[in-house]
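The values are calculated or read from the model by the stated rules, or taken from the named source; none is laboratory data. A quick note: this is a predicted structure, and the numbers were derived from the prediction, not measured. Backbone-built Cβ (ideal geometry, glycine too); neighbour counts: all protein chains shown. Ligands, DNA and RNA are stripped out before the accessible areas are found, and what is left, the full protein with its side chains, is counted by its heavy atoms. Shrake-Rupley method; radii C 1.70, N 1.55, O 1.52, S 1.80 Å.
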Amino acid sequence: QPRLVESGGGLVQPGGSLRLSCAASGIIFDRFTMGWSRQAPGQQREFIGTINSLGGTVYADSVKGRFTLARDNAKNMMWLQMNNLKPEDTAVYYCNVHETNYWGQGTQVTVSS
């Protein structure tokens, strides 16, 4: 059974940085494109980006230039490096196996002074 566990969320000031982690198990990790999304209170879930098995990335315009996806197939790990964070980045952040129903439980990111 696939399992995804996010970690690394927290409270950060505007302009700060956070690095989220996603640990995957129960899947042949290097066969799948992985993704990050987020959901703010009262909002629909928003796509952030994807990273394919070779490290190729796609980003939403809202995060391009500030967020970076990375993965290590040998460790079944994916990361989301977030820089220059803004209050509007406040949300629960989820990792997922792209184009499947496999999602993690989410990790809260709050950007506030």
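Between the beta carbons of residue 99 and residue 7, assuming R0 = 22 Å, the FRET efficiency works out to 0.40 to the nearest 0.05.
Converting phi to 3J(HN,Hα) with the Karplus coefficients 6.51, -1.76 and 1.60 and the offset θ = phi - 60°, the range 84-90 yields 6, 5, 10, x, 6, 7, 4 Hz in sequence order, with x at every glycine or proline.
Karplus-derived 3J(HN,Hα) values for the range 92-104, using 6.51 cos²θ - 1.76 cosθ + 1.60 with θ = phi - 60°, are 8, 9, 10, 9, 8, 7, 4, 6, 9, 9, 8, 10, x Hz; glycine and proline are entered as x.
Rolling a 1.4 Å probe over the heavy atoms of the protein chains gives the range 45-92 an accessible area of 50 Å² per residue. Can you classify the range 57-113 as rounded, prolate or oblate using the Cα gyration tensor, where a ≥ b ≥ c are the square roots of its eigenvalues, rounded means a/c under 1.5, and otherwise it's prolate if a/b beats b/c and oblate if not? Prolate, because a/c is 1.5 or more and a/b exceeds b/c.
Take every pair of alpha-carbon atoms less than 8 Å apart whose residues are at least six positions apart; their mean separation over the length of the chain yields a relative contact order of 37 percent. Potential lengthening of the chain between residue 60 and residue 73 amounts to 2.4 nm, from the contour at 0.36 nm per residue minus the alpha-carbon distance. Heavy-atom accessible area, probed at 1.4 angstrom with all protein chains present, ranks 11, 54, 85 as 54, 11, 85, highest first. For residue 75, the solvent-accessible surface with a 1.4 Å probe is about 140 Å², rounded to the nearest 10. Mean silhouette area of the chain, derived from the convex hull of its C-alpha atoms and averaged over all directions, reads 6.5 nm².
The Cβ shell under 14 Å around residue 72 holds other residues with a net charge of +2, Lys and Arg each +1, Asp and Glu each -1.
Comparing 7, 94, 65 along the charge dipole axis of the chain, the residue lying farthest to the positive side is 7, per the Cβ-charge model. Only protein atoms count toward the accessible area here, which uses a 1.4 Å probe; on the chain, the carbon and sulfur part of that area reaches 46 percent. Principal axis analysis of the Cα atoms in the range 1-40 yields extents of 37, 19, 15 Å, listed in decreasing size.
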